[in-house]
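S.K.: Take this structure first; my questions come after.
The values are calculated or read from the model by the stated rules, or taken from the named source; none is laboratory data. In this text the structure is predicted, and so the values were computed from the model without any measurement. Cβ atoms come from the backbone with ideal geometry, glycine included; neighbour counts cover every protein chain shown. Side chains included, ligands, DNA and RNA excluded: accessible areas come from the protein's heavy atoms. Shrake-Rupley method; radii C 1.70, N 1.55, O 1.52, S 1.80 Å.
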Amino acid sequence: MTSSLVFEHDDEARQAGCRACGATDLVAFYEVSSVPTQTCVLLDDVAGAAAYPTGDVLLAFCETCGFIENVRFDDRLVDYSVPTEESQAFSPIFKEFSTWLVEELDERYHLRGRSVLEVGCGKGDFLLQLAATGIRHGLGIDPGFLPERARNEEGEVEFIRDWYGARSTHLTADLVTTRHLMEHVHNVAEFLGWLRVSVSATPGSALFTEVPDAGRVLAEGAYWDVYYEHCSYYTLGSLARALRNSGFAVDWLRKGFQDQYLLAGARLGTSDATSLPAEDTPVEVAAMVQTFAAKAEEGRRLWRERIDEVGEDHVAIWGGASKTIAFLAAHGLSRVTVVDINPYKQGKWLPGVAIEVQSPSILMETRPRLVIPMNPIYTTEITADLARMGLDPVVMAV
Ligand SMILES: [Zn+2]
């Protein structure tokens, strides 16, 4: 795997065009080659993990709307109907955020007696949580939905195991939600067009969407947050502009989950305000884009030093997910221990890097000297878990 600062691929980026606004003034700024095409897949053996298909990343920034896309993304290389494990519902702090979000949405949209459609509902965890507000009907659609994992005794929530696309736009509800899907969608404008049809089929319907904040990724040089499935990157401003370009009026915008996620509420139509106070401008995003590659390079150097200092065998990564794979691949690590509290991940192998995900209890045997939480938000939770196991390693999140 190689990565570098590039500006010489502008032709390639221009040719691809902005998939959010259609403009062609794209600037390429970050390149990573040969990364696993999927990082949430569960692999049963080391051979399958080692031979996992790879793809290339060339991030480009749209000077017109501020949107960032991987111009080398090929959606044929990604299949979300294979068993994946993206659920974070096993973490108390993530549950706390979900609980807050349910209350927030209930307060804004008065969900009692209303219907909710969740596009890209994953395993259905959030929709089932929303059902507790007294919704009349909930419908989730996702190609990776697993019927045996969802529980809904009352029966007001239904799931469809399928892709949401042009042929699903008849699906509608009082509130249409899509969480952590639009970063996986490469045809952003087309996808938002489908959502507009779904929203327009119910009078007064609203759209709620949630995506990771690329502004944070850029500002921190978080190279472990750049991976193949994430073909689209948004800031508060570019998300709002993408929504407006597709015929939505943005009602509200904010960050959540300790500022890691962007939350937006929209309705059909054009709002009076051209932009909300929280929005950044394309010029502001451009400034962050310009320093990203250098920050990522410096971060890689620092982490390499820290890991070399204790020795790879004495390092444990906490969290067997996309960030972990991107981090391990960027450093060429193969002997670190990887643990995760999600029992569905334990015993499975990470694609590309081919390391087995184990239960955190293995750390009582391996006794790592450095534990790296792949998200700082979980550091307190992880430190407490380590203390319960009688372990006191250095805990340093990325
Ligand atoms: Zn654009």
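S.K.: Distance in nm between label sites at GLU12 and LYS95, each 7 Å beyond Cα in the beta-carbon direction?
M.R.: 4.5 nm
S.K.: Hey, another quick one. Which residue, THR64, LEU207, ILE325, has the largest displacement toward the positive end of the dipole of the chain when charges sit on each Cβ (Lys, Arg +1; Asp, Glu -1)?
M.R.: LEU207
S.K.: I've got another one for you. In segment 53-85, whose amide N lies under 18 Å from the spot 7 Å out along Cα-to-Cβ of GLU297? List them in ranges.
M.R.: It comes to 58-60, nothing else.
S.K.: For Cα pairs less than 8 Å apart in space and 6+ apart in sequence, what is the mean separation divided by the residue count of segment 215-351, i.e. the relative contact order in percent?
M.R.: 27 percent
S.K.: Of all DSSP beta bridges in the chain, what percent run antiparallel (nearest 5)?
M.R.: 55 percent
S.K.: Related question: Seen from all sides and averaged, what is the projected area of the convex hull of the Cα atoms in segment 311-395, in nm²?
M.R.: If you wrap the Cα atoms of segment 311-395 in a convex hull and average its projections, you get 5.0 nm².
S.K.: Provide the net charge surrounding ARG306, with neighbours chosen by a C-beta distance below 15 Å and charges set as Lys +1, Arg +1, Asp -1, Glu -1.
M.R.: Once all neighbours under 15 Å are counted, the net charge is -2.
S.K.: Could you point to the residue in LEU386, ILE372, PRO343 farthest towards the positive end of segment 311-395's charge dipole, with +1 and -1 charges on the Cβ of Lys/Arg and Asp/Glu respectively?
M.R.: My answer, from the dipole projection, is PRO343.
S.K.: When the chain is fully extended, how far beyond the present Cα-Cα distance does HIS137 get from THR366, taking 0.36 nm per residue of separation?
M.R.: 77.6 nm
S.K.: Label points 7 Å out from Cα along the Cβ direction at THR172 and ASP259: separation in nm?
M.R.: 4.0 nm
S.K.: Quick one: which of 319-327, 127-135 comes out on top by average Cβ neighbours within 10 Å, and what's the full order, highest first?
M.R.: Descending packing order for the listed peptides: 319-327, 127-135.
S.K.: Right, another one. What is the sum of charges, Lys and Arg at +1 and Asp and Glu at -1, for the other residues whose Cβ falls under 9 Å from the Cβ of GLN346?
M.R.: 0
S.K.: Continuing with the same structure: Which of the aspartates and glutamates could a cross-linker span from LYS123 if the Cα-Cα distance has to be under 17 Å and same-chain partners fewer than 8 positions apart are dropped?
M.R.: Output for LYS123: ASP79, GLU85, GLU86, ASP142, GLU148, GLU153, GLU156, GLU158, ASP162, GLU210.
S.K.: So, one more: Using only alpha-carbon positions, what ratio does the radius of gyration of segment 3-76 give when scaled by 2.2 N^0.38 Å?
M.R.: 1.29
S.K.: Still on this structure: Using the per-residue mean of other Cβ atoms lying within 10 Å as a proxy for protection, in what order, highest first, do the peptides 188-196, 201-209 fall?
M.R.: So the peptides 188-196, 201-209, ranked by packing, come out 188-196, 201-209.
S.K.: Stokes-Einstein D for segment 230-364 at 4 °C, 1.567 mPa s, Kirkwood Rh over Cα pairs, in µm²/s?
M.R.: It diffuses with D of about 72 µm²/s by this estimate.
S.K.: Expressed in whole Å with the largest first, what are the equivalent ellipsoid semi-axes of segment 92-285 derived from the C-alpha gyration tensor as the square root of 5 times each eigenvalue?
M.R.: So the equivalent ellipsoid measures 25, 19, 17 Å along its semi-axes.
S.K.: So, in nm, how far is label LEU77 from label ALA249 when the simple model puts each one 7 Å beyond its Cα toward the Cβ?
M.R.: 4.2 nm
S.K.: Run the helix sum for the chain: -39,500 (n - 2.57) per DSSP H stretch of 4+ residues, divided by residue count, reported at 222 nm to the nearest 500 deg cm²/dmol.
M.R.: Taking each H run of at least 4 residues, the total per residue is -9000 deg cm²/dmol.
S.K.: Hey, another quick one. Using only the alpha-carbon atoms of the chain, report the extent along each of the three principal axes, biggest first, to the nearest angstrom.
M.R.: 60, 55, 37
S.K.: If you place +1 on the Cβ of every Lys and Arg and -1 on the Cβ of every Asp and Glu, how big does the dipole about the Cα centre of the chain come out, in debye to the nearest 20?
M.R.: 440 debye
S.K.: Please state the Cα pair-distance histogram of segment 36-126 with 10 angstrom bins from zero: what percent is in each bin?
M.R.: 12, 28, 29, 25, 6, 0
S.K.: What value does segment 346-398 have for Rg/Rh, both radii from Cα atoms and Rh as Kirkwood defines it?
M.R.: 0.98
S.K.: Right, next: Ignoring ligands, DNA and RNA, what accessible area per residue does the chain give at 1.4 Å, in Å²?
M.R.: Per-residue accessible area for the chain comes out at 41 Å².
S.K.: Next question. How much length is gained if the chain between THR274 and GLU381 is pulled fully straight, taking 0.36 nm per residue apart and subtracting their Cα-Cα distance, in nm to one decimal?
M.R.: Taking THR274 through GLU381 to full extension adds about 34.4 nm, to one decimal.
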